[in-house]
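So the structure is just underneath, and the comments pick up after that.
The values are calculated or read from the model by the stated rules, or taken from the named source; none is laboratory data. All values derive from a computational prediction rather than experimental measurement. Every residue, glycine among them, receives a Cβ derived from its backbone with ideal geometry; neighbour counts consider all protein chains shown. Quick note on the areas: whole protein, heavy atoms, side chains included, nothing else; ligands and nucleic acids left out. Shrake-Rupley method; radii C 1.70, N 1.55, O 1.52, S 1.80 Å.
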Amino acid sequence: MTKFGITISLTEKSPDELTSYLEKMKDLNVGSVFASLQIPGDSKDALRHTLTSIGPVIKNLSLDFIVDVSPRTFKNFSLEDLKGFGITGLRIDNGMTEKEIADLSKEFQIILNASTLDDAFMDGLKENGFSQPFEAWHNYYPRKNTGLSEAFFAARNEWLKKRNVRTAAFFSGDKEMRGTVFEGLPTLEKHRGLSPFLAFLDLKEHYQTDTIILGDFDLQDATCFQFLSFLRDGAIPIRVENVRESAILNTTFHNRFDIAQDVIRADEFRRANKKQYSPCCCAERPVGTVTIDNNLYGRYMGELQITLCPLPADERVNVAANVVAEDLPLLKYLQEHRHGFFFISQPQSSCTVS
């Protein structure tokens, strides 16, 4: 099961702001919180103050608390300090030996660097008493053009999966970008500027990423709704405009098991909806057109489809709505029957289906 995590800055937000954010994101089934203890320029005293304030909040919300550490971290904080802050896991950056990491594994969950981990290092950890299941996270990349390539990311994840190493990666937000560059914090460069929900689905479906983490601050309300719907019951919300048939809205559908080439066929609509449809709005059907077959199609009347390629007008097919442009990339995730979907209305069209 894919886990969902968030990132917080321990210096860019006040403890009260972080508390409000953590409580909000907990409603999205967030399971872990990630922060760095080694950002250049961060004050040790400021970090201690924030950690003392928000550590109990994270613990009370039953969230894992993972922090990025290096040898410098342990000059500022003892292991007892870290445990006192409620920290449950350490992501090891660099500069630590296999024995040092193995010793830490007796006190904390240990997370390694997915991009640099190799067999020799894993063997060395085992030889020094490391007995946890292996977990490795990719970095996030603030600077534009420096995120990982698809080829490298896919190859690394394949390598890690073959060794039963759990993986994690980051995606950018869409509300408040973190400094100092403010260009998103994705792992994959192709995800920079992409809809957060699309990036999340890509990491989950195409790369089987075990933990997917929001790198930036917060999400737009509409994006939160997408995540809430999907993480709650696996249904993907699809925004539609020019809605001419209200019966298509807010009901979960699935594509048929026998997957069609040109359209998504909503398996449940025709069986559940016994309404009679006369020809209306029989227009051309660009990609993302939601249609209902009318009575000229005989026994197919009431079939609900979404076009995956441009199709011509057909007097037997009524245009019922159009998927908004921003959600067209979501259609590829609807083709497998296991993902339900439902339509959410944008501004209504004056055209109605009789």
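The residues of the chain expose, per residue, 45 Å² of accessible area to a 1.4 Å probe.
Projected label points at residue 106 and residue 268, each 7 Å from Cα along the beta carbon direction, are separated by 5.4 nanometres. Cross-link reach is defined here as a Cα-Cα straight distance under 23 Å, omitting same-chain residues fewer than 8 places apart; for residue 106 the lysines meeting it are 59, 75, 83, 126.
Measure nothing but the geometry: give the 0 to 90° angle between the long axis through the Cα atoms of 44-60 and the longest principal axis through the Cα atoms of the chain, rounded to 10°. Taking Cα atoms only, the helix is inclined about 50 degrees. For the listed peptides 290-297, 265-272, a ranking on the average number of other beta carbons within 10 Å per residue, highest first, reads 290-297, 265-272. Please enumerate, by chain and number, the aspartates and glutamates with C-alpha under 17 Å from the C-alpha of residue 44, excluding those fewer than 8 residues away in the same chain. Those aspartates and glutamates meeting the cut-off are 12, 68, 80, 81.
Solvent-accessible area assigned to carbon and sulfur over the chain amounts to 50 percent, based on a 1.4 Å probe. Relative to the longest principal axis of the Cα atoms of the chain, the long axis of helix 15-26 lies at roughly 50 degrees. For the pair residue 222 and residue 241 in one chain, pulling the backbone fully straight at 0.36 nm per residue adds 5.3 nm over the alpha carbon distance.
Computing FRET efficiency as 1/(1 + (r/R0)^6) for residue 79 and residue 233, where r is the C-beta to C-beta distance and R0 is 35 Å, gives about 0.30. Note on the range 129-205: lysine pairs with Cα distance below 20 Å, sequence gap of 8 or more or different chains, count 6.
The packing ranking, built from the mean of other Cβ atoms within 10 Å per residue, places the peptides 75-81, 164-170 in the order 164-170, 75-81, highest first. In order along the range 197-203, phi translates into HN-Hα couplings of 5, 5, 4, 4, 4, 4, 5 Hz, rounded to whole numbers, per the Karplus curve 6.51 cos²θ - 1.76 cosθ + 1.60 with θ = phi - 60° and x for Gly and Pro. Extension gain for residue 20 to residue 161 (0.36 nm times residue separation, less C-alpha to C-alpha distance): 47.2 nm.
Once both axes come from the Cα atoms, what is the angle between helix 150-162 and the longest principal axis of the chain, in degrees from 0 to 90, rounded to 10? For helix 150-162, the angle is close to 70 degrees.
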